[in-house]
Amino acid sequence: MQHIDFKPRRVCSQMIHIDLSDDGKTIEQVTFDGGCSGNLSAISKLVAGRPTAEIAEILKGNTCGPRGTSCADQFSQALLQAMEAIQAGNDPSAAVAN
């Protein structure tokens, strides 16, 4: 399992904790520190066991008010950065550290 801690920007949550399968292709678990707990708990349940690339594409660009981003969008950015690092043979936890 690969663990990533991602510090989101311009959103209410302060940290996103992501566990991916060893090959990075499946989201094992995600938790959010802060933010709208009901919505973020629902996202966590909905994405567990799903393909990383699929979820990143679905959530990419989702916005919250005038922020131009959202916790879901920031999660997708973390996934995209992690996938890029894994494909390049790098440690995804180092690649997404903000």
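When Rg/Rh (Cα atoms, Kirkwood Rh) is calculated directly from the model, which label among (1) 1.04; (2) 0.97; (3) 0.93 fits?
Read-out taken from this structure: (3).
Quick check: net charge around Thr63, other residues with Cβ under 15 Å of its Cβ, Lys/Arg +1 and Asp/Glu -1?
With Lys, Arg at +1 and Asp, Glu at -1, the neighbours total +3.
Every read-out reported here was derived from the displayed coordinates using simple, explicitly stated rules and does not represent laboratory data. Model, not experiment: these values are computed from the prediction. A quick note on method: Cβ atoms are made from the backbone with ideal geometry, for glycine too, and the neighbour counts reach across all protein chains shown.
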